[in-house]
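See structure below.
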Amino acid sequence: MSIKIIHNYSPNFTIKKRTFNQIKFLIFHYTGMKKESETIRRLTDIQSEVSSHYLIKNDGEIVVLVPDLYIAWHAGISSWKNFKSLNKNSIGIEISNPGHDHEYKKFTKKQIKSIINLSYLLIKKYKINKKNILGHSDVAPVRKKDPGEKFPWQQLAKFEIGKWHSLSNKTLNENRSKKIDLIDKKNFFNNLFKIGYSIKSLKGIKKEKFLRYVIIAFQRRFRQELINGKIDQECLIISENLAKKLN
């Protein structure tokens with residue numbers, strides 16, 4: 001496996017080292033900036049107070065920004081299952097992409113190849129469980145949309161990078177937009193909790209509004225064709241399938 005890696009270290013990390021065993025998650029991001037050069041400047045600017053461990057450029061080149069055993073500042077206020085502030089337990093991988101605010105586009109083939117190769121190395125090195133490979137919006141649904149609905153989660157799952165459901169397109173299409181009742185709605189959120197999403201509202205945000213953000217995050221990850229913040233029968237059966245797989 002050949003990976004082209006360069007180093008451009010960021011000053012934005014916590015000085016105290018962590019152990020191999022503390023690293024339990026991979027978290028994918030998109031950069032959300034128009035120009036790649038601006039991204040690199042921001043991730044290496046001490047005043048930005050933002051970084052990640054790796055940046056994957058448009059041409060697939062991988063930049064090491066922070067060594068793995070130091071805590072990079074990429075996830076911010078975040079939660080997944082019983083973990084809070086995931087920076088201390090994760091490796092952050094930024095992928096160059098303008099994002100939703102700047103004509104969000106598909107990730108390049110070279111980027112996807114580098115995502116797969118880098119993920120393989122990190123999963124093997126730190127024994128990261130497939131269910132702990134996440135997107136920024138999974139762990140911070142109110143604040144973040146990245147890596148977004150164009151991120152190739154289904155393709156990555158075929159390489160054992162992350163999880164995907166096992167439902168056929170026919171079954172999905174048959175259940176799309178079908179209404180659910182209140183019991184189904186409750187079951188849906190119970191499934192999301194089992195998967196790992198936080199369903200406890202953040203301070204200052206009304207419960208209903210918070211849950212809509214969580215639904216959208218789930219859809220960006222697992223029902224990428226329709227992101228509408230509404231729970232239908234398709235969302236329910238996907239959540240049931242995943243809850244069984246991830247527990």
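The values are calculated or read from the model by the stated rules, or taken from the named source; none is laboratory data. This one's a predicted model, so the numbers in the text were calculated from it and none came from an experiment. Quick reminder, even Gly has a Cβ in these numbers, built from the backbone with ideal geometry, and neighbours come from all protein chains shown.
Assorted remarks:
- Those helices (runs of 4 or more DSSP H) of the stretch 101-213 in which at least 2 residues are among the charged types (D, E, K, R), considering only elements entirely within it, cover 109-126, 169-175, 182-195.
- Within the option set Lys207, Lys230, being touching a helix residue (DSSP H, G or I) at 6+ places or on another chain (Cβ under 8 Å) and basic (Lys, Arg) holds for one residue only, Lys230.
- Within the stretch 225-247, the set of residues being over 16 Å from Thr171 (Cα atoms) and assigned to a helix (DSSP H, G or I) comprises Ala243, Lys244, Lys245.
- Count of the stretch 26-46 residues, restricted to those that are over 15 Å from Ile91 (Cβ atoms) and either surrounded by 11 or more Cβ atoms within 10 Å (Cβ to Cβ) or in contact (Cβ under 8 Å) with a residue 60 or more places away in the chain (or both), is 14.
- Of the set (1) surrounded by 13 or more Cβ atoms within 10 Å (Cβ to Cβ); (2) within 23 Å of Pro141 (Cα to Cα); (3) at pLDDT 95 or above, all apply to Glu49 but (1).
- Residue match in the stretch 7-25 (condition: surrounded by 16 or more Cβ atoms within 10 Å (Cβ to Cβ), in contact (Cβ under 8 Å) with a residue 24 or more places away in the chain, of a type in the set (A, V, I, L, M, F, W, C) and in contact with a Leu (Cβ under 7 Å, 6 or more places away or on another chain)): yes
- Of all the criteria given as (1) out of contact with any His (no Cβ under 7 Å at 6 or more places or on another chain); (2) under 26 Å from Ser201 (Cα atoms), the one not satisfied by Ile91 is (1).
- Residues located in the stretch 119-136, provided they are under 16 Å from Ile56 (Cβ atoms) and out of contact with any Leu (no Cβ under 9 Å at 6 or more places or on another chain): Tyr120, Leu121, Gly135, His136
- Residue match in the stretch 124-133 (condition: on the phi < 0 side of the Ramachandran plot, assigned by TED's automatic domain parsing to the domain that holds Asp59 and within 9 Å of the chain's Cα centre (by Cα)): yes
- Meets criteria (touching a strand residue (DSSP E or B) at 6+ places or on another chain (Cβ under 6 Å), within 25 Å of Lys125 (Cβ to Cβ), modelled with pLDDT of 95 or more and not charged (D, E, K, R)) for Phe25: yes
- Qualifying residue in the stretch 63-75 (condition: without any contact (Cβ under 8 Å) to a residue 12 or more places away in the chain, outside the structural domain of Gly196 (by TED's automatic domain parsing) and either buried (at least 17 other Cβ atoms within 10 Å of the Cβ) or not small (Gly, Ala, Ser) (or both)): no
- Condition check for Pro67: within 23 Å of Ala217 (Cβ to Cβ) and of a type outside the set (A, V, I, L, M): no
- Residues within the stretch 97-141 that are of a type in the set (A, V, I, L, M, F, W, C) and within 30 Å of Leu202 (Cα to Cα), tallied: 5
- Total residues in the stretch 201-215 satisfying the condition of being crowded, with 19+ Cβ neighbours inside 10 Å and either under 27 Å from Lys170 (Cβ atoms) or of a type in the set (Phe, Trp, Tyr) (or both): the figure is 2.
- The stretch 62-91: number of residues that are within 15 Å of Arg143 (Cβ to Cβ), in contact with a strand residue (DSSP E or B) (Cβ under 9 Å, 6 or more places away or on another chain) and not polar (S, T, N, Q): 6
- The stretch 141-200: number of residues that are touching a Phe, Trp or Tyr at 6+ places or on another chain (Cβ under 7 Å), buried (at least 19 other Cβ atoms within 10 Å of the Cβ) and charged (D, E, K, R): 1
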